[in-house]
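Student: Take a look at the following structure, please.
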Amino acid sequence: MTWSRFRSFASPLALIVIMFIGSTIAYFTSTDAVINRLQSSNFDIILTESNWNPADGQNLMPNQEVNKNPVVTNLENTDAFVFITVKMAYETELMEDIDGKYLDESDVPIPLYKFVVEGKTPDTKYTTKQTVHDSWELVGNPVTENNIITYVYAYAENDKMTPLGKGESTPPLFDKIKLWNFNENAYNHMEDIIVEATGIQAELVVDGQKIDTPYQVWDIINQSG
């Protein structure tokens, strides 16, 4: 019933009420609701290594290279900012140089594995430096704890995160790994290389400020647990 139709019907009655009741006022109210089912957008990422063969990781020799190409793919609807974390053992003692000369101790922790990227000269120095594809940036400095060194890489360029769209994949972080030429005693505590992918929605706003630098986004991930 429209408001105009309701009004023409009620007018005579309203006059009678006013005559006999005086100041009594009736308030007509109406309530309506619309229920829309809304589904939040989400994303699901996966980490794949298409060239990795577990058998290749057995009985490695110093300076030997094996295929290992971590790639992140976004499976869902929302753009994502993604990171890859790599953990491995490191050494500061019992190392040999390329010629096999014994080195007593290093001033920095040296990862047991070096990353290899096709078309780039691999790092061959006793440093924490690693070689990765151009689309990835190291977040902060590597962290060392309990004989493990941890690298965090953001899918980013020029200190700005690159959104990974639905169905899109990153380039690999690296193409191969190389077992470094340590003294054999260093391999007594060798541990697996652990590669992890982490993602978060790309549209991040904090206090009205858009967040899109690798350090800022990684800090939000750490805060959120």
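The values are calculated or read from the model by the stated rules, or taken from the named source; none is laboratory data. These numbers come from a predicted model, not from an experiment. Here the Cβ is made from the backbone with ideal geometry for all residues, glycine too, and neighbour counts use every protein chain on show.
Student: Within the stretch 191-225, can you find the residues that are in a helix (DSSP H, G or I) and over 18 Å from ALA156 (Cβ atoms)?
Tutor: Residues of the stretch 191-225 that are in a helix (DSSP H, G or I), as a first pass: 214-224.
GLN223, SER224, listed by residue number.
Student: If I filter the stretch 53-60 for residues that are at pLDDT below 85 and touching a Lys or Arg at 6+ places or on another chain (Cβ under 7 Å), do I get at least one hit?
Tutor: No, there is no match, as no residue in the stretch 53-60 is at pLDDT below 85 and touching a Lys or Arg at 6+ places or on another chain (Cβ under 7 Å).
Student: Now for a separate question. Every residue in the stretch 204-213 that is within 14 Å of ALA80 (Cβ to Cβ) and not hydrophobic (A, V, I, L, M, F, W, C), please.
Tutor: Of everything in the stretch 204-213, just one residue is within 14 Å of ALA80 (Cβ to Cβ) and not hydrophobic (A, V, I, L, M, F, W, C), namely ASP212.
Student: In the stretch 65-88, which residues are in a strand (DSSP E or B) and more than 13 Å from the chain's Cα centre (by Cα)?
Tutor: Within the stretch 65-88, the first condition is being in a strand (DSSP E or B), and the residues that meet it are 65-67, 71-74, 80-88.
Scanning the stretch 65-88 gives GLU65, VAL66, ASN67, LYS87, MET88.
Student: Inside the stretch 180-203, can you point out the residues that are among the hydrophobic types (A, V, I, L, M, F, W, C) and modelled with pLDDT of 85 or more?
Tutor: ILE193, ILE194, VAL195, ALA197, ILE200, ALA202 - these are the residues of the stretch 180-203 that are among the hydrophobic types (A, V, I, L, M, F, W, C) and modelled with pLDDT of 85 or more.
Student: Scanning for something farther than 30 Å from LYS178 by Cα and modelled with pLDDT of 85 or more, does the stretch 66-75 turn up at least one residue?
Tutor: From the stretch 66-75, those farther than 30 Å from LYS178 by Cα are 75; that's our starting set.
Filter once more, keeping what is modelled with pLDDT of 85 or more: 75.
Yes, the conditions are met somewhere in the stretch 66-75.
Yes/no matrix, rows are residues, columns are (1) surrounded by fewer than 17 Cβ atoms within 10 Å (Cβ to Cβ); (2) of a type in the set (Asp, Glu); (3) at pLDDT 85 or above; (4) under 27 Å from the mean Cα position of the chain (by Cα):
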site	(1), (2), (3), (4)
THR24	yes, no, no, no
LEU38	yes, no, no, yes
ASN63	yes, no, no, no
MET95	no, no, no, no
LYS114	no, no, yes, yes
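Student: Another question, then. Tell me, please, whether a residue that is exposed (fewer than 14 other Cβ atoms within 10 Å of the Cβ), under 23 Å from GLU76 (Cβ atoms) and not hydroxyl-bearing (Ser, Thr, Tyr) can be found in the stretch 121-133.
Tutor: no
Student: While we're on this one: Just checking, how many residues over the stretch 44-64 are closer than 23 Å to THR170 by Cβ and assigned to a loop (DSSP other than H, G, I, E, B)? I'd like the intermediate steps shown before the answer.
Tutor: First pass over the stretch 44-64, keeping only residues closer than 23 Å to THR170 by Cβ: 44-54, 56-57.
Still in the list and also assigned to a loop (DSSP other than H, G, I, E, B): 44, 49-53.
Qualifying residue count for the region: 6.
Student: Scan the stretch 113-159 for residues that are farther than 11 Å from PHE174 by Cβ, of a type in the set (Val, Ile, Thr) and either touching a residue at least 60 places away in the same chain (Cβ under 8 Å) or not in a loop (DSSP other than H, G, I, E, B) (or both) and jot them down.
Tutor: The answer is VAL139, VAL143, THR144, ILE148, ILE149, THR150, VAL152.
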